[in-house]
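Trainee: Next up is a structure, given as structure tokens.
Read-outs: derived from the displayed coordinates by stated rules, not from any lab. Here the structure is a predicted model, which means the values were calculated and not measured. Heads up, the Cβs are rebuilt from the backbone with ideal geometry, glycines too, and the neighbour counts pull from every protein chain shown.
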């Protein structure tokens, strides 16, 4: 029997209920999986009904005029019902509250939380994979007994603007549903060699290891000098805590076996939640698209590619700081989602922030700073 949806009065109550339902569902699935591996006891129908993601449902009544807001998020434009399945609501609590609090304050809405019809695939409750080792049970057998992954259902149709808004009820409440998020969280662990929970909201991407070396040196210095930063997490979930002896910390960083991972990640974590992650994505635009597709589910504030220039003008010299203002399309990676005739410009806010950072670091201003700063087109390869 499907559990009834419960109307909640506050955003905090909604997230609390989502977290409780998710914990119950994953706990039940994990317990049933362990029992099957041990005694080959299959879950009954009542147990299977628990193996489902929680769902957040919002009905916009649109009483009177549509509220005017300059926010690019946390708003609805059409009356109707919106819904989304949610995974790891406790980990995403801050993000969920940032969306729900203004929504429930500014719009006439009814918010409900309940159990969806979307099953949680069993691989998403297996943290390390050790639980399955030596059990004698094949993946095909487990897929017959428990909900399994269906990659055909993990799409980016909403984010890519390919969603059929005309013939959908309820409407989507978020860019990614729970199964799509869970899939990306597991791929992040696989590619980067560290837990997805370590990823920070400010992300740097590079394909030169020398930038990794500099980032580690910078991170160790920040741990010594800036009280805001509390630890670094390196590939393999190797942790360097604040206060650790500098020689010991440097030795730990030097001993990390980063080459085990396809796109190793390094996380400089801050106590205010505004730390920085660096991912060495390797070479190729397909790698960049792959990792950003997965990082997107974490809703980062910004990601920036560094140390990459496809070409130089004759006026540019070594030591210039190049800010890309356009992306020249030659690889075809984005053509299906963004047609080639649509330009992909750099964000002006990011450009301005980088210019201000360069001025702060160099101490230059006016014509001196202008001579150092160059703009150019990023070429794909």
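Trainee: Ranked from highest to lowest mean number of other Cβ atoms within 10 Å per residue, what is the order of the peptides 197-204, 333-340?
Mentor: Going from most to least packed, we get 197-204, 333-340.
Trainee: Once label points are set 7 Å from the Cα along Cα→Cβ at both residue 41 and residue 314, what is their separation, rounded to one decimal in nm?
Mentor: Taking the two extended label points, one gets 8.1 nm.
Trainee: Now for a separate question. I need the calculated FRET efficiency for the pair residue 77 and residue 195, taking r as the beta carbon distance and R₀ as 45 Å, to the nearest 0.05.
Mentor: Result of the calculation: an efficiency of 0.75.
Trainee: Work out, step by step, the length gained on full extension between residue 262 and residue 245: first 0.36 nm times the residue separation, then minus their alpha carbon distance; give nm to one decimal.
Mentor: Using 0.36 nm per residue and subtracting the Cα-Cα distance, I get 3.1 nm.
Trainee: OK, next. So how far apart, in nm, are the two label points at residue 202 and residue 143 if each is 7 Å from Cα heading toward Cβ?
Mentor: That separation, rounded to one decimal, is 4.3 nm.
Trainee: Which number do you get for Rg(Cα) / (2.2 N^0.38 Å) in the chain?
Mentor: Normalised Rg, Cα atoms only: 1.12.
Trainee: If each DSSP helix of 4+ residues adds -39,500 (n - 2.57) and the sum is divided by the residues in the chain, what number results at 222 nm, nearest 500 deg cm²/dmol?
Mentor: -10500 deg cm²/dmol
Trainee: Now for a different question. Taking a quarter of the surface of the Cα convex hull of region 119-202, what do you get in nm²?
Mentor: So the mean shadow area of the Cα hull is 7.7 nm².
Trainee: To continue, here is another question. For a Förster distance of 41 Å, can you work out the FRET efficiency between the beta-carbons of residue 237 and residue 61, rounded to the nearest 0.05?
Mentor: The pair residue 237/residue 61 has a calculated efficiency of 0.30.
Trainee: Ok, one more. Return the whole-Å distance between the Cα centroid of region 55-84 and the Cα centroid of region 325-339.
Mentor: Going from one Cα centre to the other spans 32 Å.
Trainee: Let me ask something else about it. According to the Cα gyration tensor, what semi-axes, each the square root of 5 times an eigenvalue, does the equivalent ellipsoid of region 96-249 have, listed from largest to smallest in whole Å?
Mentor: Working from the Cα gyration tensor, I get semi-axes of 36, 26, 16 Å.
Trainee: Something else about it: Kindly work out what percent of the DSSP beta bridges joining two residues of the chain are antiparallel, to the nearest 5.
Mentor: Close to 60 percent.
Trainee: How far, in nm, would the chain grow between residue 228 and residue 16 when pulled straight, counting 0.36 nm per residue and subtracting the alpha carbon separation?
Mentor: Stretched out fully, the residue 228 to residue 16 stretch lengthens by 73.5 nm.
Trainee: Multiply the residue separation of residue 349 and residue 108 by 0.36 nm, subtract the distance between their alpha-carbon atoms, and state the gained length in nm to one decimal.
Mentor: Gain in length upon complete extension: 83.5 nm.
Trainee: Still on this structure, I have one more. Evaluate the Debye formula for region 193-306 with equal point scatterers sitting on the alpha carbons, no solvent, and hand back log10 of I(q)/I(0) at q = 0.10 Å⁻¹, in q order, two decimals.
Mentor: Normalising to I(0) and taking log10 leaves -0.26.
Trainee: Hey, another quick one. With viscosity set to 1.002 mPa s and temperature to 20 °C, compute the Stokes-Einstein D of region 1-108, Rh being the Kirkwood radius across alpha carbon pairs; µm²/s, no decimals.
Mentor: The Stokes-Einstein estimate is 135 µm²/s.
Trainee: Right, next: Just to confirm the number: angle between the C-alpha axis of helix 11-39 and the first principal axis of the chain, 0 to 90 degrees, nearest 10?
Mentor: Result, in degrees: 70.
Trainee: With labels modelled as points extended 7 Å from the Cα through the Cβ direction, what inter-label distance (nm, one decimal) is found for residue 336 paired with residue 368?
Mentor: 5.1 nm
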